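The values are calculated or read from the model by the stated rules, or taken from the named source; none is laboratory data. Small disclaimer: the values here were computed from a predicted structure and weren't measured. Glycine also receives a Cβ, built like all others from the backbone with ideal geometry; neighbour counts cover every protein chain displayed.
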Amino acid sequence: MSLDTPALIQEARRQIEICNACRYCEGFCSVFPAMTRQKAFADGDITQLANLCHNCRGCEYSCQYTAPHEFAVNLPTALAEVRQDSWENLVWPQPLAKAFHASGVRIATLLVLALAVLFWAVAALRPEEGAGFYAHMAHNTMVAIFAPAFLLPLVAVAIGLRRYWRMVGGGPVTLANLAQALRDAANLRNLNGGQGQGCNFEDGDRYSDRRRWFHQAVMYGFLLCFASTTSGTILHYVFDMPAPYGPLSLPKLFGVPGGVLMVLGTAGMVWLKLKADPALGARRVWGGEMAFILLLFAVAATGLALYAATGTGAVSGLLAIHLGTVLTLFLLLPYSKMVHGFFRLAALTAEAQGAARHAQR
């Protein structure tokens, strides 16, 4: 469905101005303190507030102006629509982002299957030598496929972040700004509703920290898996220690716990998303968001299964499926919900700048 960006911005602006006059939710997440520092809101301000919002939904259940009141305030949905629209319009190229969020499950499934078949065909041309996974696919082949598939999507994200930073009026980033943003991202402070008692994502007017815990499991699991890959790369190229690695090696000590955390976290996020009210988010991209969570689950689950199958005849097929899911995750990085991590960190950095400027006045 095609949406009108100016109309989304204007509706969010209408609701934000009501909230800014009321200020009942001033003690909630970072959106409200940021909102109260201004009286008028440009389009870039609305986009910044939308990306600062973590959709904890506490404001919706505390608001006296929700429907059937004539103001019909539904700030989580208004900001979710603007936030989603900003990703689709700022990340390059735009058509790919719009397509994935409209048909995420179908696109991700077809891409995983197609790439798994491709990797299975490539694995059929087994290298003459190699151990572990490299007995099924040469190391240089993996590098030739995955290096551009990882770097090019990062270029697309970087273009989107540059556009975002210019839109919201971000200035030169200081170490203090970045440190504050990283602290807020690391502990997911804004997922506790700003008051330390949890958010209302899946339980209506009840507070819960489950969403925060599951998000942290996914985030730190992903970082551990990235550390696993990084340590393996360093061992291979710097210390001339190619895979396979033993169970007490750094790649395994990072990768196995990371995979377990991702499986538990994504399973929990699916459960919460099925319980949550879809009317308090961008309903049109529900499928794309679910596809992203399931894709993360598949990456971690197939990686763990591949490790468990080491030395068996199942390795070849599992390797093709795992590499297909990983490559799909990389290729869809700028166009799936994965991109929210980059934009959220940019929004937190801009907010740290805004708070610092306000404190100096």
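Just to be sure before I move on: is Pro244 more than 30 Å from Cys56 (Cα to Cα), touching a helix residue (DSSP H, G or I) at 6+ places or on another chain (Cβ under 7 Å) and at pLDDT below 90 in the structure I sent?
Details: more than 30 Å from Cys56 (Cα to Cα): yes; touching a helix residue (DSSP H, G or I) at 6+ places or on another chain (Cβ under 7 Å): yes; at pLDDT below 90: yes.
Spelling it out, Pro244 is indeed more than 30 Å from Cys56 (Cα to Cα), touching a helix residue (DSSP H, G or I) at 6+ places or on another chain (Cβ under 7 Å) and at pLDDT below 90.
Restricting attention to segment 307-327, and to residues there that are without any contact (Cβ under 8 Å) to a residue 24 or more places away in the chain and under 17 Å from Phe119 (Cβ atoms), which single residue is surrounded by the fewest Cβ atoms within 10 Å (Cβ to Cβ)?
Filtering segment 307-327 down to residues without any contact (Cβ under 8 Å) to a residue 24 or more places away in the chain leaves 308-309, 311-314, 318, 322.
From what's left, under 17 Å from Phe119 (Cβ atoms): 309, 313-314, 318, 322.
Working: Ala309: 15, Gly313: 7, Ala314: 13, Leu318: 20, His322: 24.
The qualifying residue surrounded by the fewest Cβ atoms within 10 Å (Cβ to Cβ) is Gly313.
Counting only residues that are touching a helix residue (DSSP H, G or I) at 6+ places or on another chain (Cβ under 6 Å) and either among the charged types (D, E, K, R) or surrounded by 18 or more Cβ atoms within 10 Å (Cβ to Cβ) (or both), how many does segment 339-349 have? First the steps, then the outcome.
In the first step, residues of segment 339-349 are kept if they are touching a helix residue (DSSP H, G or I) at 6+ places or on another chain (Cβ under 6 Å); the result is 339, 342-343, 345-349.
Narrowing the set further to residues that are either among the charged types (D, E, K, R) or surrounded by 18 or more Cβ atoms within 10 Å (Cβ to Cβ) (or both) leaves 339, 342-343, 346-349.
Matching residues across segment 339-349 total 7.
Answer yes if at least one residue in segment 269-276 is surrounded by 15 or more Cβ atoms within 10 Å (Cβ to Cβ), of a type in the set (A, V, I, L, M, F, W, C) and under 19 Å from Arg189 (Cα atoms), and no otherwise.
Scanning segment 269-276, I find at least one residue that is surrounded by 15 or more Cβ atoms within 10 Å (Cβ to Cβ), of a type in the set (A, V, I, L, M, F, W, C) and under 19 Å from Arg189 (Cα atoms), so the answer is yes.
Between a first residue in segment 229-245 that is in contact (Cβ under 8 Å) with a residue 24 or more places away in the chain and a second residue that is hydroxyl-bearing (Ser, Thr, Tyr) and surrounded by 12 or more Cβ atoms within 10 Å (Cβ to Cβ), which pairs have beta carbons less than 7 Å apart while being 6 or more apart in sequence or on different chains?
Within 7 Å, the pairs are Ala243/Tyr134.
Against the definition (among the acidic types (Asp, Glu) and on the phi > 0 side of the Ramachandran plot), how does Asp240 come out, yes or no?
On the way: among the acidic types (Asp, Glu): yes; on the phi > 0 side of the Ramachandran plot: yes.
So Asp240 fits the description; yes.
Can you name the condition, by its number, that Trp286 falls short on among (1) in contact (Cβ under 8 Å) with a residue 60 or more places away in the chain; (2) touching a Lys or Arg at 6+ places or on another chain (Cβ under 9 Å); (3) part of a helix (DSSP H, G or I)?
The one condition Trp286 does not meet is (1).
Only one residue in Val270, Val256, Val263, Val218 is in contact (Cβ under 8 Å) with a residue 60 or more places away in the chain, part of a helix (DSSP H, G or I) and either in contact with a helix residue (DSSP H, G or I) (Cβ under 8 Å, 6 or more places away or on another chain) or within 30 Å of Leu8 (Cα to Cα) (or both), so which one is that?
Details: Val270 fails: in contact (Cβ under 8 Å) with a residue 60 or more places away in the chain; Val256 fails: in contact (Cβ under 8 Å) with a residue 60 or more places away in the chain; Val263 fails: in contact (Cβ under 8 Å) with a residue 60 or more places away in the chain.
Going through Val270, Val256, Val263, Val218 in turn, the sole match is Val218.
Give me the helices (runs of 4 or more DSSP H) completely within segment 1-72, filtered to those with at least 2 residues that are exposed (fewer than 14 other Cβ atoms within 10 Å of the Cβ) and not charged (D, E, K, R), ordered by residue number. Spell out the reasoning first.
Values: elements: 5-22, 31-36, 43-52, 58-62.
Helices (runs of 4 or more DSSP H) meeting the threshold: 5-22.
Kindly indicate the residue of segment 155-191 that is in a loop (DSSP other than H, G, I, E, B) and out of contact with any Gly (no Cβ under 7 Å at 6 or more places or on another chain) and also nearest to Leu333 (Cα to Cα) among those meeting that condition.
First pass over segment 155-191, keeping only residues in a loop (DSSP other than H, G, I, E, B): 168-174, 188.
After this cut, where a residue has to be out of contact with any Gly (no Cβ under 7 Å at 6 or more places or on another chain) as well, the list is 170-174, 188.
Values: Gly170: 24, Gly171: 26, Pro172: 26, Val173: 24, Thr174: 27, Leu188: 21 Å.
It comes out as Leu188.
Could you check segment 193-213 and list, in sequence order, the residues that are crowded, with 22+ Cβ neighbours inside 10 Å and assigned to a helix (DSSP H, G or I)? Before you say what the answer is, go through the steps one by one.
Taking segment 193-213 and keeping what is crowded, with 22+ Cβ neighbours inside 10 Å, we get 193-194, 199-201, 211.
Result: Arg211, single match.
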